[in-house]
Amino acid sequence: MRVDIIVPAKQINNYIHESITKILDLDYEKYGIIILPDHFNDESFPRTKIIATGNIGPAQKRNLALKYSKADILAFLDDDAYPRKDWLENALRHFRNTEVAAVGGPAVTPRSDSFLQRVSGAVFLSKIGGGYPERYRPVGKVREVDDWPSVNLLVRRDVFKKINGFNSEYWPGEDTKLCLDIIKTGRKIIYDPDVFVWHHRREGLKRHLRQIGRYGLHRGFFAKKLPETSRRLNYFLPSFFVLFLSIGIPLLLMDNFFITGLFYSGIGIYLLALMFAFYEIYNKERNIAISFFSLLYIFSTHIWYGIKFLQGFLLTRELKSKLRG
């Protein structure tokens, strides 16, 4: 099967240079690369088309694959991610099954990332932090899934064309809509822990929370608009925690023994959950400082995601991407 690797980007940056080097070292031979920056420059790379798109969003850039690629498989990769050598070999074996329309795998924080980038990535190594650790480290077995991020997602071109690609109304969240459209065709999406890429994380708490806020807002909106894959308990839990604190702290002023006991019992359960997260993260990172600071990030993630989820679920009547161009 012929594969084209599709990389949307604002510009040709240092991460792109790193990614191209790794892509050119892949075990698989029948592939090309399409990079989609806003503006063209005079750089060139082997096996690579660089197509200037203007100032449009990532979903629209990825959809241009239908115009510029005739490959059997479209392999979507973020500009700050790069694949392991066996990435395509491990993914393509699943497409021998004609029922499989898409394949995804983990996007793992590189050891070369800075301390704060690794702290940001560590948040998602525990179910307490992100809910789906298999998206951020290779865990579990090959299995069917119904939602997968586009940082590391391979899709049959004919299926991608049939469903009209990504819905550019949404960013982020366009991948959730794409995956829902795929499974509605009756085809399968497969998770394989060996379909492995490295993915650089956000630097600093502010940038981390800005990203988390976008995720929370869209997931909250999708929980009412696309309930098939978004109305799930784990997505609501951070909002329940926010409501617990918002209601419980003022009620402490009543000086009621039962309410006080209930509130502090809830706090105790949350602290135990953070201790479990610390254990899980340290077990993977083997770094006490990263594991400790990740607890601050996890708490901040829960609060901000919970607030933005409520905004999307309760207050947002329509949600449009600001990056549609």
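Some points to look at:
- Within the stretch 296-313, residues that are farther than 13 Å from V119 by Cβ and in a helix (DSSP H, G or I) have Cβ atoms under 9 Å from residues that are open to solvent by 70 Å² or more (accessible area, probe 1.4 Å) and hydroxyl-bearing (S, T, Y) in these pairs: Y305/Y215; K308/Y215; F309/Y215, counting only partners at least 6 apart in sequence or on another chain.
- Condition met for T260 (in contact with a His (Cβ under 9 Å, 6 or more places away or on another chain), part of a helix (DSSP H, G or I), β-branched (V, I, T) and modelled with pLDDT of 95 or more): no
- Hey, I182 touching a strand residue (DSSP E or B) at 6+ places or on another chain (Cβ under 6 Å) and either open to solvent by less than 50 Å² (accessible area, probe 1.4 Å) or without any contact (Cβ under 8 Å) to a residue 40 or more places away in the chain (or both) or not: yes
- Output for the stretch 129-148, where each listed residue is assigned to a loop (DSSP other than H, G, I, E, B) and touching a Gly at 6+ places or on another chain (Cβ under 8 Å): Y136, P138, W148
- Residues located in the stretch 177-202, provided they are part of a helix (DSSP H, G or I) and among the β-branched types (V, I, T): I182, I183
- Members of the stretch 40-97 that are of a type in the set (V, I, T), in contact with a Phe, Trp or Tyr (Cβ under 9 Å, 6 or more places away or on another chain) and farther than 14 Å from Q11 by Cα: I73
- From the options I23, I6, residue that is touching a residue at least 40 places away in the same chain (Cβ under 8 Å), closer than 19 Å to S168 by Cβ and in contact with a helix residue (DSSP H, G or I) (Cβ under 9 Å, 6 or more places away or on another chain): I6
- Residue in the stretch 135-155 that is without any contact (Cβ under 8 Å) to a residue 24 or more places away in the chain and either out of contact with any Lys or Arg (no Cβ under 7 Å at 6 or more places or on another chain) or within 22 Å of L217 (Cα to Cα) (or both) present: no
- Where strands (runs of 3 or more DSSP E) fall entirely within the stretch 1-101, those with at least 1 residues that are open to solvent by 30 Å² or more (accessible area, probe 1.4 Å) are at 48-50.
- Flag if R207 is surrounded by fewer than 19 Cβ atoms within 10 Å (Cβ to Cβ), modelled with pLDDT under 95 and not in a loop (DSSP other than H, G, I, E, B): no
- Residue check for Y215: touching a residue at least 12 places away in the same chain (Cβ under 8 Å), of a type in the set (S, T, Y) and open to solvent by less than 40 Å² (accessible area, probe 1.4 Å): no
- Residue list for the stretch 26-41, restricted to those being within 16 Å of M1 (Cβ to Cβ) and without any contact (Cβ under 8 Å) to a residue 24 or more places away in the chain: E29
- Pairs, first modelled with pLDDT of 95 or more in the stretch 240-256, second open to solvent by 60 Å² or more (accessible area, probe 1.4 Å), C-beta under 6 Å, six or more apart: V242/I307
- Count of residues meeting criterion [open to solvent by less than 10 Å² (accessible area, probe 1.4 Å) and part of a helix (DSSP H, G or I)] in the stretch 149-176: 4
The values are calculated or read from the model by the stated rules, or taken from the named source; none is laboratory data. Because the structure is a prediction, the values reported are computed rather than measured. Please note: Cβ atoms are built from the backbone with ideal geometry, for glycine as well, and neighbour counts cover all protein chains shown. Calculation scope for accessible area: heavy atoms of the full protein, side chains included, ligands and nucleic acids excluded. Shrake-Rupley method; radii C 1.70, N 1.55, O 1.52, S 1.80 Å.
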